[in-house]
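Input: a single structure, listed below in structure tokens.
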Amino acid sequence: MEKKKLYPENSNGKNKINRRIFLTSIGNTATGIVLLGSFGVTLEYLSPNVLLEIPKIFKVGPVNSIQPNSIIYEPEQRTFVIRDEQGYFYALSAVCTHLGCTTKWNDSGAAGNPNAVISCPCHGSLFNKRGEVIQGPAIRALDKYRIQLEEDKLVINTAEKVSEDEMILKV
Ligand code: FES
């Protein structure tokens with residue numbers, strides 16, 4: 001039985017692609033691309049939109065490894081964890097209370113003020129190391145978070161804001 005040829009041959013025995021075959025191939029290719037594209041879009045539509053939430057509670061430590069008069073910045077939670085000169089711990093939000101920019105800690109101070117250790121790059125607010133406003137436009141102090149000791153680690157809960165009276169952890 002003679003095998004049916006995909007393309008007709010021309011007079012010198014070579015495959016001949018006529019206009020119909022050429023246009024059919026182009027059409028089939030275009031249809032394939034469209035189907036693949038729509039399949040991709042459908043898959044994306046059916047997959048759940050996952051919103052990865054940053055953990056509100058995190059640990060730092062061990063406490064013995066944190067020297068007095070030092071700070072640890074946690075970029076994910078935008079939080080400063082501070083051990084002061086007396087060895088006490090507290091945690092401050094690094095989120096500026098003006099419009100929410102991330103503030104920066106600078107031990108040598110900012111704008112010629114050695115007490116202005118926390119500064120906001122957006123509109124120039126300045127805060128002291130307890131998070132109190134030194135210079136606006138921010139009018140409210142930085143948020144203070146609950147900090148507790150669990151075994152030898154500090155546990156900071158950014159979902160729990162505390163007053164100035166409750167912010168210090170004496171270890
Ligand atoms: S957001 Fe910090 S000063 Fe405006």
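Structural remarks
- On full extension, the segment bounded by Gln86 and Ser163 gains 25.7 nm, given 0.36 nm per residue less the C-alpha separation.
- FRET efficiency, 1/(1 + (r/R0)^6) with R0 41 Å, evaluated for Arg140 and Ser65 via beta carbons: 0.80
- Label point distance in nm, Ser108-His123, each placed 7 Å from Cα along Cα→Cβ: 2.9 nm
- Measuring r between the beta carbons of Val171 and Leu52 and using R0 = 25 Å, the FRET efficiency lands at 0.15.
- Residue-averaged 222 nm ellipticity for the chain, from DSSP H runs of 4+ at -39500 (n - 2.57), nearest 500: -6000 deg cm²/dmol
- Amide hydrogen proximity for Ala94: with H placed 1.01 Å from N in the peptide plane, the residues at 5 or more positions away or on another chain lying under 5 Å are Thr79, Phe80.
- Residues Glu151, Glu164, Glu74 arranged by fewest to most Cβ contacts within 10 Å: Glu151, Glu164, Glu74
- Each of Ser163, Ser70 has some number of other Cβ atoms within 10 Å of its Cβ, and from fewest to most they run Ser163, Ser70.
- Here the spin labels are modelled as points 7 Å beyond Cα on the Cα-Cβ line, and at Val34 and Glu151 they lie 6.1 nm apart.
Each value in this text was obtained by applying a stated rule to the coordinates, not by laboratory testing. This is a predicted model, so every value here is computed, not measured. Every residue, glycine among them, receives a Cβ derived from its backbone with ideal geometry; neighbour counts consider all protein chains shown.
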